[in-house]
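The values are calculated or read from the model by the stated rules, or taken from the named source; none is laboratory data. Owing to the predicted nature of the structure, the values given are computational and were not obtained by experimental measurement. Backbone-built Cβ (ideal geometry, glycine too); neighbour counts: all protein chains shown. The protein model used for the area step is the full one, side chains on, heavy atoms only, and it has no ligands, DNA or RNA in it. Shrake-Rupley method; radii C 1.70, N 1.55, O 1.52, S 1.80 Å.
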Amino acid sequence: MSPSPSQSRRSISWTCICGFMLFALGLISLFTGHVASNVEWYSQRIVKRNWFYKMDGSHRASIDIWKSRYSSFYYGCSERGPHFSSAVRERFSNGYLLIATSGGLNQQRTGITDAVVVARILNATLVVPELDHHSFWKDESDFSNIFDVGWFISYLAKDVTIVKRVPEKVMMSMEKPPYTMRVPRKSEPEYYLEQVLPILLRRRVLQLTKFDYRLASDLDEELQKLRCRVNYHALRFTKPIRNLGQKLAFRMRKMEKRFIAVHLRFEPDMLAFSGCYYGGGDKERYELGEIRKRWATLPELSPDEERARGKCPLTPHEVGLMLRALGFNNDTYLYVASGEIYGGEKTLQPLRELFPNFYTKEMLAGEELQPFLPYSSRLAAIDYIVCDESDVFATNNNGNMAKILAGRRRYMGHKRTIRPNAKRLSALFMARDNMDWATFSRKVKSCQRGFLGEPEENRPGRGDFHEFPSTCICKKPFNLSNFTSKENKYQISRRNPTVSESRYGYLSNSSNPEQKSSQKFSEGSLRDRHGSLIDEIDPDNPLSD
């Protein structure tokens with residue numbers, strides 16, 4: 001007897017269901033096997049996507065504006081590899097390389113760093129670089145007036161042979177003076193080997209002029225690590241500069257446990273170079289226009305277009321508004337690093353009103369600063385040290401000092417570094433009067449995400465290497481229990497921050513009485529302050545303080 005139609009449908013449906021279940025089980029087993037074999041990769045993705053961005057269980061994690069909670073998973077690593085050969089000795093090198101740097105202190109610093117790498121590429125003996133005495137700042141300081149020459153030579157002895165001058169007998173044996181040339185900006189190592197090395201071999205002594213950013217940003221790993229050894233270890237300031245810079249940092253900490261350093265970069269030369277306009281009428285246009293004539297090749301720019309593109313430095317007032325909107329209270333201590341501010345005290349007054357605890361090197365040092373006053377590079381070096389020691393470093397224009405310090409702070413432990421997202425902030429400042437403070441604050445926080453110096457902000461290989469030295473920053477292996485314990489310690493440290501020791505070795509001894517006093521001051525003498533968060537809680541209107 002044949003089955004009824006209903007029995008046939010029931011039999012077919014059960015067959016389909018069983019087949020589908022077997023197929024699903026097969027897919028599940030394949031997926032679990034794949035996950036098991038790639039568990040490390042998935043754990044890293046979960047940390048990045050889940051905990052890094054959603055630590056608080058909401059759509060976005062609160063970010064402490066004083067310190068990155070993820071910095072402990074990264075460390076600077078620039079040790080030479082086992083296959084990186086020792087430096088070629090002077091007598092066997094391909095010749096002597098003379099370097100004439102260009103620009104201000106930090107622009108010259110990039111030139112010195114890259115000069116060591118170029119000497120390595122050419123198997124040349126590097127002569128201690130010559131600093132620029134003819135730039136806008138007219139600083140007559142030599143290398144030995146700013147950097148510790150002995151330390152520079154000895155620290156890099158295994159990488160490159162460096163001498164203070166070309167030996168007299170070599171100079172006497174030369175039929176012609178040293179050959180001088182300028183290489184194109186961002187030149188690849190191949191350019192130096194193909195175009196520069198033959199001249200060096202033929203002439204024995206070669207000088208490269210205007211040497212700033214003359215080497216490509218992207219090099220092989222060992223050469224990038226050499227860059228880091230030069231920039232973060234070998235280039236140490238002279239003892240008088242180190243001592244005074246560290247004293248100023250200690251004096252800031254004696255007044256408050258933690259402080260912000262702000263590099264305003266609102267000097268007349270910067271504003272003239274940018275081509276921007278700040279509302280000063282015909283007087284401003286004439287004054288900045290006259291300065292701008294010093295650069296013959298600068299194109300005509302539209303101030304409005306440059307501002308919309310985010311190419312204009314923020315005013316001191318705008319820098320203050322940005323910091324207040326991020327959550328820094330008006331009792332926060334500010335160290336302001338800058339040269340001559342365009343507009344003087346009138347330009348600075350709005351920032352002082354937002355942050356009354358406002359200090360500069362001139363205010364902190366007094367007579368101790370007198371020997372340094374005629375030398376802009378030495379003054380910049382003092383600012384560099386205090387900014388490096390600060391808990392938070394806020395830049396303005398993304399210039400040489402901002403890039404160099406941002407890179408150093410990443411390498412030395414990802415200390416909080418805030419750089420304005422000027423392109424988006426410019427629109428906010430223009431519309432400031434059309435929104436209440438809570439809205440403005442929320443929008444500033446939103447557009448500054450990704451511009452706060454967090455470890456994962458920039459992908460390796462992207463951006464300028466001096467600002468993002470990704471090759472020289474390593475990750476610690478992820479461990480969930482370590483993460484949990486560190487997170488607990490982080491929460492405790494936020495509630496009760498302590499004075500941090502100097503991690504950068506600017507002072508070679510601990511006998512400084514100011515250092516001892518700064519380590520001994522009592523917790524009770526300081527106001528207790530909780531760490532501010534970039535979250536949905538907005539600070540008070542700063543204009544009402």
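Does the stretch 148-157 hold any residues that are open to solvent by less than 50 Å² (accessible area, probe 1.4 Å) and in a helix (DSSP H, G or I), and which are they?
Our first condition is that a residue be open to solvent by less than 50 Å² (accessible area, probe 1.4 Å); within the stretch 148-157, this holds for 148-150, 152-153, 156.
Within the stretch 148-157, Val149, Gly150, Phe152, Ile153 meet the criteria.
Here the stretch 437-455 is the region considered, the condition is being more than 17 Å from Gly320 (Cβ to Cβ) and of a type in the set (Lys, Arg), and the residue that is nearest to the chain's Cα centre (by Cα) is Arg449.
Residues of the stretch 433-449 that are more than 16 Å from Phe328 (Cα to Cα) and of a type in the set (D, E, K, R): Asp433, Asp436. For Ser72, the conditions (1) outside any loop (DSSP other than H, G, I, E, B); (2) at pLDDT 95 or above; (3) within 25 Å of the chain's Cα centre (by Cα) are fulfilled apart from (2).
Testing Lys67 on (1) at pLDDT 95 or above; (2) among the charged types (D, E, K, R); (3) more than 21 Å from Pro189 (Cα to Cα), one condition comes back false. Which one is that? The one condition Lys67 does not meet is (1).
On the stretch given as the stretch 116-128, residues that are open to solvent by less than 30 Å² (accessible area, probe 1.4 Å) and not in a helix (DSSP H, G or I) total 5.
From the list Thr180, Thr101, pick out the single residue that is surrounded by fewer than 17 Cβ atoms within 10 Å (Cβ to Cβ) and among the polar types (S, T, N, Q). If you could, list the steps in order and put the result at the bottom.
Details: Thr101 fails: surrounded by fewer than 17 Cβ atoms within 10 Å (Cβ to Cβ).
Answer to the selection: Thr180.
Look at the stretch 129-147: where a residue is assigned to a loop (DSSP other than H, G, I, E, B) and a partner is open to solvent by 80 Å² or more (accessible area, probe 1.4 Å), sitting 6+ places away or on another chain with Cβ atoms under 6 Å, you get His133/Glu140.
Annotation note: Cβ proximity below 8 Å between a residue of the stretch 467-484 that is hydroxyl-bearing (Ser, Thr, Tyr) and a residue that is open to solvent by 70 Å² or more (accessible area, probe 1.4 Å) and modelled with pLDDT of 85 or more (sequence gap 6+ or interchain) occurs for Thr471/Glu221.
Against the condition farther than 20 Å from Tyr213 by Cα and either surrounded by fewer than 20 Cβ atoms within 10 Å (Cβ to Cβ) or more than 29 Å from the chain's Cα centre (by Cα) (or both), how does Ser93 come out, does it pass?
Numbers: farther than 20 Å from Tyr213 by Cα: yes; either surrounded by fewer than 20 Cβ atoms within 10 Å (Cβ to Cβ) or more than 29 Å from the chain's Cα centre (by Cα) (or both): yes.
Against the criterion (farther than 20 Å from Tyr213 by Cα and either surrounded by fewer than 20 Cβ atoms within 10 Å (Cβ to Cβ) or more than 29 Å from the chain's Cα centre (by Cα) (or both)), Ser93 qualifies.
Restricting the stretch 375-412 to residues that are of a type in the set (S, T, N, Q), within 24 Å of Arg227 (Cβ to Cβ) and open to solvent by 20 Å² or more (accessible area, probe 1.4 Å), the residue that is farthest from the chain's Cα centre (by Cα) is Asn397. For the stretch 327-369, which positions are assigned to a loop (DSSP other than H, G, I, E, B), under 26 Å from Leu271 (Cα atoms) and hydrophobic (A, V, I, L, M, F, W, C)? If the condition is that a residue be assigned to a loop (DSSP other than H, G, I, E, B), under 26 Å from Leu271 (Cα atoms) and hydrophobic (A, V, I, L, M, F, W, C), then Ile341, Phe355 are the ones that fit. Each residue in the stretch 246-299 was checked for being in a loop (DSSP other than H, G, I, E, B), under 24 Å from the mean Cα position of the chain (by Cα) and among the aromatic types (Phe, Trp, Tyr), and 1 of them qualify. Restricting attention to the stretch 356-365, the residues that are of a type outside the set (Lys, Arg) and open to solvent by less than 40 Å² (accessible area, probe 1.4 Å) add up to 5.
Looking only at the stretch 324-355, how many residues end up being over 22 Å from Ile291 (Cβ atoms), surrounded by fewer than 23 Cβ atoms within 10 Å (Cβ to Cβ) and of a type in the set (Lys, Arg)? Going through the stretch 324-355 one residue at a time, the tally reaches 1. Within the stretch 426-449, the set of residues being open to solvent by less than 40 Å² (accessible area, probe 1.4 Å), small (Gly, Ala, Ser) and without any contact (Cβ under 8 Å) to a residue 60 or more places away in the chain comprises just one member, Ala431. When the stretch 416-436 is filtered for residues that are part of a loop (DSSP other than H, G, I, E, B) and either under 26 Å from Asp212 (Cβ atoms) or more than 16 Å from the chain's Cα centre (by Cα) (or both), the ones remaining, listed by number, are Arg419, Pro420, Ala431, Met435, Asp436.
Within the bounds of the stretch 413-425, is there any residue that is surrounded by fewer than 22 Cβ atoms within 10 Å (Cβ to Cβ), in contact (Cβ under 8 Å) with a residue 60 or more places away in the chain and under 23 Å from Leu288 (Cα atoms)? Yes: the stretch 413-425 contains one or more residues that are surrounded by fewer than 22 Cβ atoms within 10 Å (Cβ to Cβ), in contact (Cβ under 8 Å) with a residue 60 or more places away in the chain and under 23 Å from Leu288 (Cα atoms).
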